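Read the structure below first, then the notes.
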Amino acid sequence: MARFAPFLFVFLWSTGFLGAKFGLPHAAPLAFLSVRYLLVLALMTTLALAFRAPWPRDGRQWFHIGVAGLLVHGVYLGGVFVAISMKLPAGVASLIVGLQPLLTATVAGRLLGENVAPRQWFGLLLGFVGVALVLSNKLGAGFGVEALWPALAALLGITAGTLYQKRFCPHFDWRTGAVAQFLPTTLVTTAIMLALGDFRIDWTREFVFALGWLVLVLSLGAISLLNWLIRHASAVNVASLFYLTPPTTALLAWLLFGETLTGLALAGMAIAVWGVYLSRR
């Protein structure tokens with residue numbers, strides 16, 4: 001599990017951008033996420049009750065798990081989906097969120113007492129350079145500066161969420177913990193969506209496929225693996241895996257959609273992998 005979980009997590013997490021590519025043209029971003037969260041909440045509650053999984057012990061633990069979930073799911077996913085819906089290219093969004101390992105390493109020492117070695121700093125910088133090279137031909141233009149703000153909010157959300165969970169609630173059952181995480185996320189996201197009055201959903205086959213994929217593969221599979229990794233590894237090691245998401249997404253897009261991969265992008269993939277290796281040694 002310790003050997004293969006990081007690779008499986010990167011692969012599953014990378015498919016999230018492909019799911020958004022399929023689904024967002026057919027739904028408003030917060031409406032899409034609200035339905036996704038409701039389905040995950042119903043499914044995980046059923047699993048928790050069926051297997052009699054242990055629930056959080058007290059209100060304090062419910063609170064900490066809920067805050068971590070709201071940051072990791074609500075702020076991160078909400079920011080990414082809203083930014084892409086505002087015409088921010090997925091490559092730019094990935095590059096902004098790709099700052100997470102560096103941001104995590106900057107504050108991990110003070111908050112968690114983790115020692116970030118010089119080799120790890122070098123690996124984190126290499127990883128960011130590699131991601132920038134992979135996405136260099138996808139940045140493009142045609143978006144307003146206002147589209148950057150949701151992406152920056154997503155960066156802060158995923159960084160704060162992983163650090164908060166590592167600090168206050170690293171251990172919980174993956175079924176009941178998911179309920180505790182998605183309950184406040186669903187309530188807050190749905191409330192904002194209703195306040196904005198944008199509940200547009202076209203129930204096309206592409207949207208249903210994207211919704212099912214994001215619920216089953218991302219919200220159950222990838223998030224469960226992320227929780228396991230946060231429990232068993234340092235915050236810097238977990239964050240460094242996010243450098244591998246854009247190269248993996250680019251590779252999947254090449255295989256599935258025929259998108260081009262330049263020599264510069266291939267070199268960036270190699271640099272990103274080497275950087276993650278150095279930061280996780």
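Points worth noting:
- Scan of the range 2-33 for residues that are closer than 17 Å to LEU220 by Cβ and outside any helix (DSSP H, G or I), ordered by number: none
- Candidates PHE63, PHE9, PHE81: the one that is aromatic (Phe, Trp, Tyr) and surrounded by fewer than 22 Cβ atoms within 10 Å (Cβ to Cβ) is PHE63.
- Residue that is in contact with an Asp or Glu (Cβ under 6 Å, 6 or more places away or on another chain) and assigned to a helix (DSSP H, G or I), where the choices are ALA42, ALA108, ALA48: ALA108
- Which numbered condition LEU241 misses (of (1) surrounded by fewer than 19 Cβ atoms within 10 Å (Cβ to Cβ); (2) part of a helix (DSSP H, G or I); (3) of a type outside the set (Phe, Trp, Tyr)): (1)
- When residues of the range 130-148 are limited to those that are part of a helix (DSSP H, G or I) and surrounded by 15 or more Cβ atoms within 10 Å (Cβ to Cβ), the one modelled with the lowest pLDDT: VAL134
- Some residue of the range 55-67 being in contact (Cβ under 8 Å) with a residue 60 or more places away in the chain, farther than 20 Å from ILE230 by Cβ and not in a helix (DSSP H, G or I): no
- Applying the criterion of being of a type in the set (Val, Ile, Thr) and at pLDDT 85 or above to the residues of the range 95-129, the residue that is surrounded by the fewest Cβ atoms within 10 Å (Cβ to Cβ) is VAL129.
- Residue check, LEU38 under 21 Å from the mean Cα position of the chain (by Cα) and surrounded by fewer than 16 Cβ atoms within 10 Å (Cβ to Cβ): yes
- Only one of the listed residues (THR204, THR262, THR248) is within 27 Å of GLY130 (Cα to Cα), surrounded by fewer than 16 Cβ atoms within 10 Å (Cβ to Cβ) and of a type in the set (Val, Ile, Thr). That residue is THR262.
- TRP254 being within 18 Å of PHE11 (Cβ to Cβ) and without any contact (Cβ under 8 Å) to a residue 40 or more places away in the chain: yes
- Test: residue in the range 187-198 that is under 30 Å from ARG52 (Cβ atoms), crowded, with 23+ Cβ neighbours inside 10 Å and modelled with pLDDT of 95 or more: yes
The values are calculated or read from the model by the stated rules, or taken from the named source; none is laboratory data. None of the values given here were measured: they were computed from a predicted structure. Using ideal geometry, Cβ is built from the backbone for each residue, glycine included, and neighbour counts are taken over all protein chains shown.
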